[in-house]
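Heads up, the thing below is written out as structure tokens.
Every number in this text was worked out from the coordinates using simple rules, so none of it is lab data. Owing to the predicted nature of the structure, the values given are computational and were not obtained by experimental measurement. Quick reminder, even Gly has a Cβ in these numbers, built from the backbone with ideal geometry, and neighbours come from all protein chains shown.
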Amino acid sequence: MAGWSVMLRGIRHRSGRSLVVLSLAGFATAAAVLAPAYGRAAQQSVLTDALSAAPATAAAVTVTAEGSADTAEAAHQPVGDTQSVVAGALARAPRLAAVLDRPVGSVSTDTSLQNTRGGRFAARLAWHQGACEHLRVTGDCAIDAEQVLVSERAAAEAGIEVGDKITVRPVQGGNAGRAYEVVGLYTPLAPQEAHWGNNGYFAQGQSGGEGAPRLDAVFAGAEDDVRLGDAVPVTLSIAYPLRPEQVRLDDVSALRSELGGLGLALNAAELQVETALPSIVEDAAKDQDALARTVPIIAVPLVLLAFVVLLMLVAALTEERGPELALARLRGYGSGGTIRFGLGETLLLIVLGAPLGLAAGLGAVELAARTVLADGVHVEPRWPVFAAAVGGLLLACAAAWLAARATLGRSVLGLLRRVPQRGTWRAGVLEGVAAALAVASLAAALRDRSAPLALLAPAALAIVAGVLAGRLLSLWSRARLGLARRRGKLPAMLSAAQLSRRPGAARTVAVLTAAVALLAFSATAWDVAADARAQRADDAVGAPTVYAVSAAHPQALVDALAAADPSNHSMAVVRADELYNSQRVELIGVQSQRLPAVAIWRGYDQAGLTELAGRLRQDAGRPAEVSGTLTARVTATVGETAVRVGALVSAPGEPPSIVWLGKLRKGTRDYSAAVPGCADNTCRLVGLAVGRDTGESGPVQATLAIEELRSAGQPLALRFDTAAAWKFLVDRTPNATVKVTSGAHLGVSVTSADQGDVLISYLDTPQELPAVLAGAAPSSDDPEHFDLPGFAEAPQSFGVLEKAALLPRAGEHGLLFDLDLAVRAASVTQGLSDATDLRYEVWAAADAPADLATKLAGQGVRVLRTETVPDELDRLGRRAPALGLRLYLLAGIAAALLALGVLALSTRLGAGERRAELAALRVTGVRPGVLRRGLRRERLALLGLPILVGLLVGVGAAALMLPGIPLVTVGTAGAPGLAGDVLGALVPSLALDALPLAVAGAALVLLLAVLRGGRLVKRATPELIRGGNR
Amino acid sequence: MNGSVTCRGLVYIYRLEGYDVVALGGVDLDIAPGESVALLGPSGSGKSTLLSLLAGLIRPAAGRATVGDTDLAKATEAELARMRATEVGVVLQGAERNLLPYLTSEQNVRFAQRAARSHGVTDLPAPRDVLALVGLLGVRGRLRQRPHELTPGERQRLALAVALAHKPGLLLADEPTSQLDSVARDEVIASLESVRRAGTTVVVVTHDPEVGAGMGRQVTIRDGRVGGEGSLGEEFAVVGRDGSVHLPPEVLAVLPPGTRVRAHPRPDGTVLLTPAHAVAAVTPDEYEPADDATVFARHAAAVPDYSREPDYSREVA
């Protein structure tokens, strides 16, 4: 009979055990495969995420040429010709060509547009490929020469209608106008989509230069219509959008070199290649490197554990097959034949398990890719994966051989003997190797916790803890046995005797302890990292939802938001940043009164934020709002030169302008003037002006006592009695002598021979803007009071209300203050429409209107980008640390499942023998209740000790390691503290997190095992041993 | 493959922690080809140890033992394996221990034949013939049944068949009838007789006098030595090479250990043992064998019954 036949029948006979070996072999192979497969997929995910998260216009490869025909001939070539040139160059860069989408060509130039009524506007005249497909057009699409489309809002602004003729003149290079017929009005379907590139087509409302209001771009039907002459500079742009999901890891180096080659090739044709692709890839490379270093090390403990368990299992199974092996020897099988017979089944199962494990490993990674990793990322069955599988297979075969060697080498009578073998010195050597590895990795961890070897420390500690727990169990059981003997307690004696004499118990305890420690470490690490990610996401976003928007100026945003969200569940925020001492200081202006309802600020609860909001606006004076007519009651004495008095008025977004109230005359008089463009109290008085009357040129000499200012008949609440509120603006008239006297009336004495008007600013806000400071103060003198440019270029005084560890959305270095006060202070000297460095945002609470973005768009505030805490969490969850820790958690769970399998198997393998022993004890008169109690005590020790030691070691290792390893992003380690940080982070997370679940699971297993321990006694009846029926 | 066994001064010592136990203390035994021999003796006398030695499972500490042409003291492990695969068939105590539970009767026989085939044996009997030899083939369907589906007697006969699968010259069986009822035991005895008739030397270790009686020759092992032999219902003490004689228990009841005796050779070839404390009332010349008749009638048995452990404490007392 063929050996195969015997082997297969043996496998079928031991179907349960065979299935366990098959599963374990598959598991070992899957664990081995996991490192290369998951590592690769995670690296690809990081790359895809980085490319997808980057602005599409930045990631795209854009070929440009800009200038007049003399300076940039290529810009004046037809787009189609240029595309052919680029296509020729791309043909020599196949990898690059494969990841780029269809090109979008455009030609544009800055123009001055004149409508039929003679109004002038600034607008960009553009021809853009496929524009109409991305526009909602009312009327016809411009497809022919001399046809154009203008935007709906540009048409409204400029009074243009379909069918009108508009005249367009170049801003540079000539003045010849060209007339076009407006054939349709458009609204962009998605202004921020990559199709439009970074051409700035939809910039209506921004400063158009030379005072002309800017309109959205005018789209021409033919590209030649954009070329207004050879001298007129045009911008030719061909954008090749990147397809992020097509960029594979293997392509990266080729892409870099091909991009270089493309740049060189196109430079020869006077074309420039612009792309941020290399720097995006460079950023992703940091995470990829971290993954490449950490993933294999994280996978090692799992692989080792799998092989140790396989080794234990094969050893136990071979031991169990001892009588069969004895039979083979008895029948005259030689050494080779006996080994083939004894090990063949196991090896066959291992070989069969390898492809299953490979498939399972790849399947698990594919599952992770579909659920956790970036879209478009899939498992890649490349050669390292197969090499790992083959390596795992060979290692499993070696483990099986090692496990079976001792049994296979025994004599026939030795094989037939039922007495368990004693441990050998080899086990001690293996334990020594594990201990040495633990010491080495611990030493590495203490030096640098982020070192690769340091990552082995938790696993090595777990293994050493397992070994020690095994030994401890033996020692403890022996001690308990003696004690129980002396006291005559039978249940304790039975359990202690079992645990002290069974070598399998120590091995089981070792594996259980190591697995629990690994699970506890990985669960703790995951929880702490999850908390850190949640905190980071809260800190980074600052509110449940944040819309980055475009607005003309801060007040426009505030007004639009008030109309869009009357419920006050959202807040306008204006941000800027300044450099101080080469460090960036983030400035955040918030609507203080809405801060408590909207912001997420670590360290502040609702009450704290309410109190803080009150303090931010504590000393805010009422704004001096003016509208209609402004009247000043002034008592004046004037010199020889006729002098007039005026008011400095600030309209929202605009720079302050002087409204002259009238020529000063001696005595007390009212001076009045209409304030144009300031309906509904939208303007503010920001100062006074004294200047020569029209036609005068002599020195200004005047003394004024301003008793009152009224707007629309109502007196303005001005702080005449506060000297600090009135400030002579010396820049305009540096040689003037101005004296401002505060009191019931404001006294102003002016003597000036300078050309300009004398300006005295009025500040309706506190002298110092109250602010919360995070990080070091941007001042070397006084950390509480300092000047720093705020929203305007002029220095703004800040007073620190309190210090915070960090500011929402601004990180660890910045200033947070009231938006209204900051805008009022800035608008004294500057119009904020021109402040290009301001960034506008709307922070929305969870209960803000869901359609806030749409409503904002309806109010003319375009949403550029939306950020939410879950999105940020999702993004952080796909960074290298989270991906690595996820694998660690997976390894911990797998280890725990493995340990459960070992426990079940160790119980099952010896169950027959055990029942016979129990039956024998019952025959001798031991009551079932006593046996049951003994078994329960045994189970309690067998499981309780590993769970306790494992949890302590796992959490201890976490306390040791976590403060030093990156938890959220590469390069940023946790806090340097030890146990306090980790345990502190755990306390708020005692909800449905990994560690509490793991502890609950372990407790449940312990409870079930102890309760079910007594069941064995039920079947251990005396009939069992009658007639040798084992 | 002649199935002969020769033991000369065979010694085996079990080395345990702190002390040694002499299991065989100089066994002299010759078994001719085609003989059927029952090894009898009390528990711990060394019967199974002798069987293990003859099977090549353990090595003698001293003395010589040959099975066929194989010198058991000098043979390598491979040679011993070859011997078991080609010349010797072994049946361990307990039928289940001789069988792979997941193979059918026929497959178990073939499993044993594989080993022989690997040692170059080609003229192996068909499994059916082997099963027929032990009387298993006549029972319907037994060929394809697994051990647990057979009766205990059938299982034991299957164990015999597996040991005979390679047509060995010598069959060694350890307690082949233990745990069997009398009907099954008789079937096994019949099977053993069939085997012997087929030319195989049969050596059986047993406690069962019925089995012993079924063998052509009974060798009693006592205290690690051949203590007696018998055949056709008679038992004889055997004079060892060193002149020692193991007295049977019934004689020991008369002459307890430590008794000084005088041996009187008699003209008729018999020897008279006289205790030293007794007055030699009867001189050797005056001895009449008929005088012993009553004694033998009271003490002697054709074959000693070792199925019951002797009450040594009473004997010593």
*For the residues B:ARG128, B:ARG114, what sequence is obtained by ranking on other C-beta atoms within 10 Å, fewest first?*
B:ARG128, B:ARG114
*Could I have the simple spin-label model distance between A:TRP476 and A:SER84, label points 7 Å from Cα toward Cβ, reported in nm to one decimal?*
8.5
*Once a ≥ b ≥ c are taken as the square roots of the eigenvalues of the Cα gyration tensor of the stretch A:545-615, is the result rounded (a/c under 1.5), prolate (a/b larger than b/c) or oblate (a/b not larger than b/c)?*
oblate
*Let me have the relative contact order for chain A, percent, based on Cα pairs under 8 Å that are six or more residues apart.*
14
*Would you calculate the volume per residue, in Å³, of the smallest convex hull containing every Cα atom of the stretch A:13-96?*
161
*FRET efficiency for B:VAL183 and A:VAL433, using Cβ-Cβ distance with R0 set to 51 Å, rounded to 0.05*: 0.25
*Hey, can you grab everything whose amide H is under 5 Å from the amide H of B:GLU229? Only 5+ residues off in sequence or another chain; H modelled, so Pro and N-termini drop out.*
B:THR220, B:PHE236, B:ALA237, B:VAL238
*Among all cysteines in chain A, which have no other cysteine Cβ under 4.7 Å from their own Cβ?*
A:CYS397
*Using unit Cβ charges (K, R positive; D, E negative) and no other charged atoms, how large, in debye to the nearest 20, is the dipole of the stretch A:898-968 about its Cα centre?*
480
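Looking at the stretch A:480-527, I'd like the Rg to Rh ratio, where Rg is from alpha-carbon atoms and Rh is Kirkwood's inverse mean 1/r.
In the stretch A:480-527, Rg relative to Rh is 1.27.
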*Would you mind calculating the relative contact order of the stretch A:176-257 from Cα pairs under 8 angstrom and at least 6 residues apart, reporting the percent as a whole number?*
20
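Please state the charge dipole magnitude for the stretch A:257-346, taken about the Cα centre, from unit charges on C-beta atoms (+1 on K and R, -1 on D and E), reported in debye and rounded to the nearest 20.
Computed charge dipole of the stretch A:257-346: roughly 940 debye.
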*Modelled FRET efficiency - R0 41 Å, A:THR635 with A:SER797, Cβ distances, 0.05 increments*: 0.80
*Choose one of A:LEU34, A:GLN714, A:ALA825: the residue whose Cα lies farthest towards the positive end of the charge dipole of chain A (beta-carbon charges +1 Lys, Arg; -1 Asp, Glu; about the Cα centre).*
A:LEU34
*Could you give me the radius of gyration and the Dmax of the protein assembly as shown, taking only the C-alpha atoms into account and expressing both in angstrom?*
51.0, 186
*aspartates and glutamates whose Cα lies under 20 Å from that of A:LYS855, excluding same-chain neighbours fewer than 8 positions away*: A:GLU152, A:GLU193, A:ASP559, A:ASP565, A:GLU841, A:ASP847, A:GLU867
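For a quick check of your reading of the filter: which trypsin sites (Lys or Arg not before Pro) in the stretch A:202-299 sit in a DSSP loop and have no more than 14 other Cβ atoms within 10 Å?
On the way: sites: A:ARG214, A:ARG227, A:ARG248, A:ARG256, A:LYS286, A:ARG293; in loops: A:ARG227, A:ARG248.
Hits after loop and neighbour filter: nothing returned.
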*With Rg and the Kirkwood Rh both taken from Cα atoms, where does Rg over Rh land for the stretch A:353-405?*
1.14
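Quick one: work out the % antiparallel among DSSP beta bridges in the protein assembly as shown, nearest 5. Walk me through the numbers on the way to the answer.
Working: 163 of 199 bridges.
Given both bridge residues lie in the protein assembly as shown, the antiparallel proportion sits at roughly 80 percent.
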*Quick one: check the C-alpha center-to-center distance for the stretch A:80-115 versus the stretch A:254-303, whole angstrom.*
23
*Using only the alpha-carbon atoms of the stretch A:264-416, report the extent along each of the three principal axes, biggest first, to the nearest angstrom.*
89, 28, 23
*Could you name the aspartates and glutamates whose alpha carbon sits less than 20 Å from that of A:LYS727, not counting residues in the same chain fewer than 8 places away?*
A:ASP619, A:GLU625, A:GLU707, A:GLU708, A:ASP754, A:ASP757, A:ASP764, A:GLU768, A:ASP787, A:GLU793
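Can you pull the semi-axes for the stretch A:770-834, root of five times each eigenvalue of the Cα gyration tensor, sorted largest first, whole Å? List each step's numbers first, then the result.
Values: eigenvalues 87, 37, 19 Å².
Largest first, the stretch A:770-834 gives 21, 14, 10 Å.
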*In nm, spacing of pseudo-spin labels at A:LEU483 and B:ASN2 (7 Å Cα→C-beta vector)*: 7.0
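Given an 8 Å cut-off on Cα distances and at least 6 residues of separation, report the relative contact order of the stretch A:455-508 as a percent.
Working: 36 pairs, mean separation 21.4, N = 54.
Taking the mean separation of contacting Cα pairs over the length of the stretch A:455-508, I get 40 percent.
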_Per 0.36 nm of contour for each residue apart, how much would the distance between A:LEU19 and A:LEU940 grow if the chain were fully extended, relative to their Cα-Cα spacing?_
328.7 nm
*Would you work out which of B:LEU124, B:SER48, B:ALA78 lies farthest towards the positive end of the dipole of the stretch B:13-142, given +1 charges on the beta-carbon of Lys and Arg and -1 on that of Asp and Glu, about the Cα centre?*
B:LEU124
*When the convex hull of the Cα atoms of the stretch B:94-197 is projected onto a plane and the area is averaged over all directions, what value comes out in nm²?*
6.1
_Tell me which trypsin sites (Lys or Arg not before Pro) from the stretch A:101-207 have a DSSP coil assignment and no more than 12 other beta carbons within 10 Å of their own._
A:ARG117
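Can you give the charge dipole size of the protein assembly as shown about its Cα centre, rounded to the nearest 20 debye, using +1 on the beta carbon of Lys and Arg and -1 on the beta carbon of Asp and Glu?
On the way: 129 positive and 133 negative charges, 1452 e Å.
The dipole magnitude comes to about 6980 debye.
Per-residue mean of other chain beta-carbon atoms within 10 angstrom of the beta-carbon, peptide B:102-115?
Details: counts 9, 6, 2, 0, 1, 4, 4, 1, 4, 10, 7, 2, 10, 10.
Other-chain Cβ atoms within 10 Å of each residue's Cβ, averaged: 5.
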*Expressed as a fraction of 2.2 N^0.38 Å, the rule-of-thumb size for a compact globular protein of N residues, what is the C-alpha radius of gyration of the stretch A:600-744?*
1.26
*Given charges at Cβ of Lys, Arg, Asp, Glu: the stretch A:50-151 dipole, positive-most of A:VAL137, A:GLY67, A:GLN114*: A:VAL137
_Förster-model FRET efficiency, 22 Å R0, A:ALA850 and A:ALA190, C-beta, rounded to 0.05_ = 0.70
_Rounded D (µm²/s) - the stretch B:12-124, Kirkwood Rh over Cα pairs, Stokes-Einstein at 10 °C, 1.306 mPa s_ = 99
_To make sure I understand, if each residue's beta carbon is the centre and we count other beta carbons within 10 Å, what order do B:GLU106, A:GLU793, A:GLU366 fall in, fewest to most?_
A:GLU793, A:GLU366, B:GLU106
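Could you put A:TRP660, A:TRP726 in order, starting from the residue whose Cβ has the fewest other Cβ atoms within 10 Å? Write down the numbers at each step before the final one.
Details: A:TRP660 16, A:TRP726 22.
So the ranking, lowest neighbour count to highest, is A:TRP660, A:TRP726.
What does the C-alpha gyration tensor say about the overall shape of the stretch A:539-685? Classify as rounded when a/c is under 1.5, otherwise prolate if a/b is larger than b/c, or oblate.
Working: a/c = 2.58, a/b = 2.32, b/c = 1.11.
Prolate is the answer for the stretch A:539-685, as a/c is 1.5 or above and a/b outweighs b/c.
Compute the length gained on full extension between A:ASN198 and A:ALA176: take 0.36 nm times their separation in residues and subtract their Cα-Cα distance, giving the result in nm to one decimal. Before the final figure, lay out each step's value.
Values: separation 22, 0.36 × 22 = 7.92 nm, distance 2.77 nm.
5.1 nm is the gain from fully extending A:ASN198 to A:ALA176.
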*Hey, any idea what the orientation-averaged projected area of the convex hull of the stretch A:87-154's Cα atoms comes to, in nm²?*
6.8
*Using amide H atoms built 1.01 Å from N in the peptide plane, name the residues 5+ places from A:PHE728, or on other chains, whose amide H lies under 5 Å from its own.*
A:SER761
_Within chain A, which whole H helices from DSSP have a Cα span along their axis of at least 27 Å and a mean Kyte-Doolittle hydropathy of 0.0 or more, if any?_
A:15-53, A:277-320, A:335-371, A:383-408, A:425-447, A:456-487, A:503-541, A:880-909, A:928-961
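Specify whether the C-alpha gyration tensor of the stretch A:127-213 places it in the rounded, prolate or oblate class, a ≥ b ≥ c being the square roots of the eigenvalues: rounded for a/c under 1.5, otherwise prolate if a/b is larger than b/c and oblate if not. Intermediate values should be presented prior to the final figure.
Numbers: a/c = 1.44, a/b = 1.15, b/c = 1.25.
Here the stretch A:127-213 falls in the rounded category.
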*asked:* Against the 2.2 N^0.38 Å scaling, with N counting residues, where does the stretch A:1-152 land? I'd like the Cα-based Rg ratio to two decimal places.
replied: 2.10
